[in-house]
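Shown next, in structure tokens, is the structure this report addresses.
The values are calculated or read from the model by the stated rules, or taken from the named source; none is laboratory data. Everything quoted here is computed from the prediction, not taken from an experiment. Positions of Cβ are backbone-derived with ideal geometry, glycine not excepted, and every protein chain shown enters the neighbour counts.
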Protein chains: 2
Amino acid sequence: MIVQKYGGTSVGSAARIRRVCRRIAAAVADGEQVVAVVSAMGHTTDRLIALAESVNPEPPARELDMLVANGETITAPLVAMCLQGMGVPAVSLSGLQAGVRTSAHHSRARIHDIRPDRILQTLEEGKVAVVAGFQGVTEELEVTTLGRGGSDTTAVALAGALRASACEIYTDVDGIYSADPRVVKTARKLSHIRYDEMLELAAAGARVMHPRAVEIGELYDVPIHVRSSFNNRVGTMIVGQVPMEDRQRVRGIAQEKNVAKITVLGVKDRPGVAAAIFEPLGTAGISVDVIVQNVGHSGRTDLTFSVQESDLKAAEKLVRVAAKSVGARKVSSAGGIAKLSIVGTGMLGMPGIAGRMFRALADAGINIEMISTSEIRITCLVSRDQVEKGVRTLHKTFELDV
Amino acid sequence: MIVQKYGGTSVGSAARIRRVCRRIAAAVADGEQVVAVVSAMGHTTDRLIALAESVNPEPPARELDMLVANGETITAPLVAMCLQGMGVPAVSLSGLQAGVRTSAHHSRARIHDIRPDRILQTLEEGKVAVVAGFQGVTEELEVTTLGRGGSDTTAVALAGALRASACEIYTDVDGIYSADPRVVKTARKLSHIRYDEMLELAAAGARVMHPRAVEIGELYDVPIHVRSSFNNRVGTMIVGQVPMEDRQRVRGIAQEKNVAKITVLGVKDRPGVAAAIFEPLGTAGISVDVIVQNVGHSGRTDLTFSVQESDLKAAEKLVRVAAKSVGARKVSSAGGIAKLSIVGTGMLGMPGIAGRMFRALADAGINIEMISTSEIRITCLVSRDQVEKGVRTLHKTFELDV
């Protein structure tokens, strides 16, 4: 049994739906039991949101979920009827019918539970189950949507609940690359990548898979095959352990351009100051990414952190209020920044990787504004207009070129 | 408590949805508990069907229901969020959430049962319940649609189940007229009409209300107020008993233009002949309307009946086969016919109405090809190019002019 997920681009037109169905039919002909998870066609979700905003500039989340869920429940029956037209028995299922139970957090619900009876019955009848992705229901049968990466999450969660042999994520790229191929011509497609590496790459700006889906894959040990819906090439397997020879030190380079930084200068070095500054941001739904606090002197320190540049204005306003309340000297901010990261489990316990990264950037004339690390990632904040040069430099430095 | 139903034209754009919501808000301000049943916006249903046919020329009914039900589940949250934007608490409900349980006949399901708990809870919370019309679910939670007149049926059935004081059907006409105002300039809007009169008028060609909804209204004694969504004028009340002074002999004139006739000549006058001819038509889903069989002579008779002209070709083919099997002499057919009917409970036990009708048509030079009657209706089949003249003639004859 396999779960296949087709994104909005893959089902963006009648012709593309037919192509998707030929692919599903081929899997059925190979003897597979197939669960196909589908997204809304092309820009349907955006159009529904625009419609909502035309009747209410701030549409309430519960009603917005009821509305946008239609995107996926339009695609699913189209795919099912197209399959039937090709002689492949198929049944479409809404999130409710597929047994996807979620929390009641509208527009960002979390899957609590999958009750796969109806899907299993459909498969036992020899039919393809075509499931509307991105949606579920609460215990009270309220319609919810899963937020960003929702259909991927549906697919991987179903694969976990059904103990499918794999979850195939069909998308508009060929797989996971050692760097963005639009930036680095010599980028290599990875045949395998570990869940944790993929999570770090996604957090560092690689947009192919949303971290939530990868986390569920890791939790239920579901192999995730990221591949193109436009060709038959093998893509990238996201798995728990990669083959030995793939365990090189650095696996991928990622960049993220929508970054700005805020610095609070002369903060008193005492408990509660950081909380006073970051709590209002969390309440306002503003994500803070890299945080650096220098060692202080004479009882004061400087605190710098990054936010999405699109959140900068709102964030700065909140921070100025908070900074005043904790007696900070000054708040400054700057946009035009980017994150540049190297990721790889092979880095663990390999000294010298960080030094090599900083040296290569320095030799390329790229100034590092901030540094942040995890066990398997090193991130530098650099000037946005230098980040692509930085990606190419590091790709070469760590011998990732084809 | 009132149920209001807004058709596809009334909710055809964001501006029209806002207008609908202002009307609902006015009812709420008047102290009413409101259940609003809404149809798909404008041509949404047609567009979804076209999309279906682009992936499967003969879309299976179960999947087509899954698909087209989205039309109404798009409108309902838009109306609910628009109301909220105006400060009127509101919740949208799908057919499933509203408790509309139906038979499993996809694309033409019948409502079996309404479980109104969720709607009642919504109303008790002081909120407007905005229900997606035209749809329901089976006991197995399969999505169904109700076929023609579906949203009207949802509205009247909900009004019955909730014991609402009235069901308001908002449409693009001002009410029920004594004749089609496009044909008869002097047609009068009726303040009241009986359920049975409305049923006969609908069967005779008046398209304002679908008979199913009227039947449910009669069964549960729900007063149905047919009125325009584009103005505030009072429309027509469909009720069990009309005020005494409205009980005139003839209440309305209706016409239906898409009519053709088939005649089977020289049929043996013995049991089973009519069944042999009509059974194949029923199996093929072709509705037969007026049927006339003359008194036979020398053991043979002629049988004439009408069908929709759009069904004529298919019907004639079936009838030729059947006619041969029962030894009929000949089959002939003709299109270009129309039905012209007068309807009114006041006709009961009033002799001379039929004679007056036939005389008036004769004086106007209109030939009557067939006649059929019920207790409260007389229908003549006439040439299509004479039917509008006939409507005007009868409107005058029976003193219905303003």
Residue tally, condition under 21 Å from A:Thr186 (Cβ atoms) and exposed (fewer than 14 other Cβ atoms within 10 Å of the Cβ), over the stretch A:366-402: 2
Those residues of the stretch B:125-141 which are assigned to a loop (DSSP other than H, G, I, E, B) and surrounded by 19 or more Cβ atoms within 10 Å (Cβ to Cβ), in sequence order: B:Lys127, B:Gly133, B:Phe134
Failed criterion for A:Leu361 (all others in (1) assigned to a loop (DSSP other than H, G, I, E, B); (2) touching a Gly at 6+ places or on another chain (Cβ under 7 Å) hold): (1)
Odd one out for A:Gln135 among (1) within 28 Å of A:Arg194 (Cα to Cα); (2) within 13 Å of chain B (Cβ to nearest Cβ); (3) of a type outside the set (Val, Ile, Thr); (4) touching a Phe, Trp or Tyr at 6+ places or on another chain (Cβ under 9 Å): (4)
Filtered residues of the stretch A:106-124 (kept if more than 13 Å from chain B (Cβ to nearest Cβ) and outside any helix (DSSP H, G or I)): A:Arg108, A:Ala109, A:Arg110, A:Ile111, A:His112, A:Asp113, A:Ile114, A:Pro116
Selected residue (criterion: surrounded by the fewest Cβ atoms within 10 Å (Cβ to Cβ)) from residues of the stretch A:46-64 that are in a helix (DSSP H, G or I) and facing chain B (nearest Cβ under 8 Å): A:Ser54
Condition met for A:Val128 (within 14 Å of chain B (Cβ to nearest Cβ) and more than 25 Å from the chain's Cα centre (by Cα)): yes
Single unsatisfied condition, A:Pro60 versus (1) in contact with a helix residue (DSSP H, G or I) (Cβ under 8 Å, 6 or more places away or on another chain); (2) over 27 Å from B:Val11 (Cα atoms): (2)
B:Arg18 being out of contact with any helix residue (DSSP H, G or I) (no Cβ under 8 Å at 6 or more places or on another chain) and either in the same structural domain as B:Val130 (by TED's automatic domain parsing) or not in a helix (DSSP H, G or I) (or both): no
Residue that is modelled with pLDDT of 90 or more and under 22 Å from B:Glu256 (Cβ atoms), where the choices are B:Ile342, B:Ile353: B:Ile342
Looking only at the stretch A:65-95, and only at residues there that are of a type in the set (Val, Ile, Thr) and either more than 7 Å from chain B (Cβ to nearest Cβ) or part of a loop (DSSP other than H, G, I, E, B) (or both), the one that is surrounded by the most Cβ atoms within 10 Å (Cβ to Cβ): A:Thr75
Test: residue in the stretch B:315-338 that is of a type in the set (Asp, Glu) and either out of contact with any strand residue (DSSP E or B) (no Cβ under 7 Å at 6 or more places or on another chain) or not in a helix (DSSP H, G or I) (or both): no
The stretch B:167-212: number of residues that are polar (S, T, N, Q) and at positive phi: 0
Residue check for B:Ser10: assigned to a loop (DSSP other than H, G, I, E, B) and not β-branched (Val, Ile, Thr): yes
Check on B:Ala155, over 22 Å from B:Leu400 (Cβ atoms) and assigned by TED's automatic domain parsing to the domain that holds B:Gln97: yes
Selected residue [more than 29 Å from the chain's Cα centre (by Cα), loosely packed, with under 15 Cβ neighbours inside 10 Å and closer than 24 Å to A:Met198 by Cα] from A:Gly272, A:Gly352, A:Gly327: A:Gly352
Test for B:Gln255: is it polar (S, T, N, Q) and at pLDDT 90 or above: yes
